[in-house]
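The values are calculated or read from the model by the stated rules, or taken from the named source; none is laboratory data. Owing to the predicted nature of the structure, the values given are computational and were not obtained by experimental measurement. Positions of Cβ are generated from backbone atoms using ideal geometry, with glycine treated the same way; all protein chains shown enter the neighbour counts.
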Amino acid sequence: MQPYLGNPTYTAAVLRNHHISARKKYGQNFLIDSDVLEDTVRAAEIGPDDVVLEIGPGIGTLTQYLASAARKVVAVEIDRSLQDVLADTLSGWKNVEILWDDILKVDISALAAHENAASPIKVAANLPYYITTPILLKLLESGAPIESITVMVQKEVADRMEAGPGTKDYGALSLAVQYAAKVDIVRIVYPSSFMPQPGVDSAVVKLSLYDAPPVACRDRGLLFSIIRGSFNQRRKKLVNGIAGAAGVPYTKEEAEAAVRACGFRPDVRGEMLTLEEFARLADALGEKT
Ligand code: SAM
């Protein structure tokens, strides 16, 4: 079995021996800190029955730790120039399958059905930061059976996922994530844990997906159109942000009536509303149809 990659010496040797360097355009920052890797696998609660979807195995660092704990790891990697290095670093782990593809093009539901019948899979990754939000929204909105998503993201993105009303970090991402999952920041990770070092602090975040949304709302599409409209016009009154926004086919008067019916101040801004209040507003507006 190959040695574990989670240290600077062996990572540098693997890169050198395979004549590769980290590709910035794919957000490649390889983990070199075994504590962070172990904490990630522990937080993800990976066990011998689990099928894990890893996004972006890179040179196989986190993959080795996941494969040692899981029944199977399916790892989706866009950069085909890593084929030889992964064949080398993962040669000791027979329970890993690499899919050479763009994760944004993969049918997650089909993958989960194929790999684990109807049972939920777990997702784990040190995400490429240039597409963190599209990947998370895709996973959360896929409807695929996913139990949890444990991922490295920029600390700033972790703060946005966890944020509540009235804070500067609160926005559409906070609400999309909190509608789908319980959010826990597992730990902060500093640039020195990566090779090369990113220019920002990072955090491991665990999203534990709900079986059913934490708030009731008749029209989920309208709810998220209202949320997007309200944060696109963050500095405006809520009614001005949402009336006529994409997916919100209501006039300003109708928006004002719905805001009143919910008991909110007429000049309320979206950034002050909780998820439950946005859901009530969507139901009040939806009653007009
Ligand atoms: N897992 C490795 C580690 O922890 O050291 C590498 C993580 S690196 C931050 C992100 C990885 O995602 C890279 O291997 C990169 O090539 C891959 N990647 C970037 N865009 C991708 C995409 N659209 N689909 C799949 N993988 C992608």
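Some points to look at:
- Out of Ala12, Ala112, sole residue that is crowded, with 21+ Cβ neighbours inside 10 Å, more than 12 Å from the ligand (Cβ to nearest atom) and either at pLDDT below 95 or in a helix (DSSP H, G or I) (or both): Ala112
- Condition met for Gly47 (at pLDDT below 95, over 21 Å from Ile135 (Cβ atoms) and of a type in the set (Gly, Ala, Ser)): no
- Check on Tyr4, surrounded by fewer than 20 Cβ atoms within 10 Å (Cβ to Cβ), more than 9 Å from the ligand (Cβ to nearest atom) and among the hydroxyl-bearing types (Ser, Thr, Tyr): yes
- Residue selected from region 145-170 under the condition within 22 Å of Ile227 (Cβ to Cβ) and assigned to a loop (DSSP other than H, G, I, E, B), by the criterion farthest from the chain's Cα centre (by Cα): Gly166
- Members of region 178-191 found to be outside any strand (DSSP E or B) and either more than 15 Å from Asp35 (Cβ to Cβ) or without any contact (Cβ under 8 Å) to a residue 12 or more places away in the chain (or both), listed by number: Gln178, Tyr179, Ala180, Pro191
- Selection status of Val96, under 22 Å from Val36 (Cα atoms), of a type in the set (A, V, I, L, M), in the same structural domain as Lys155 (by TED's automatic domain parsing) and without any contact (Cβ under 8 Å) to a residue 40 or more places away in the chain: yes
- When region 1-47 is limited to residues that are of a type in the set (Gly, Ala, Ser) and within 18 Å of Val96 (Cβ to Cβ), the one that is farthest from the chain's Cα centre (by Cα) turns out to be Gly6.
- Residue match in region 21-33 (condition: at pLDDT 95 or above, more than 11 Å from the ligand (Cβ to nearest atom) and of a type in the set (D, E, K, R)): no
- Among the residues of region 121-135, those identified as surrounded by 14 or more Cβ atoms within 10 Å (Cβ to Cβ), touching a residue at least 40 places away in the same chain (Cβ under 8 Å) and either within 13 Å of the ligand (Cβ to nearest atom) or not aliphatic (A, V, I, L, M) (or both) are Lys122, Val123, Ala124, Ala125, Asn126, Leu127, Pro128, Tyr129, Ile131, Thr133, Ile135.
- When Gly58 is tested against (1) away from the ligand (no atom under 12 Å from the Cβ); (2) closer than 22 Å to Leu136 by Cα, just one condition goes unmet, and that condition is (1).
- Verdict on Ala117 being over 15 Å from Lys206 (Cβ atoms) and either surrounded by 22 or more Cβ atoms within 10 Å (Cβ to Cβ) or among the hydrophobic types (A, V, I, L, M, F, W, C) (or both): yes
- Every test in (1) hydrophobic (A, V, I, L, M, F, W, C); (2) closer than 18 Å to Gly92 by Cβ; (3) more than 10 Å from the ligand (Cβ to nearest atom) is passed by Leu66 save one, and that test is (3).
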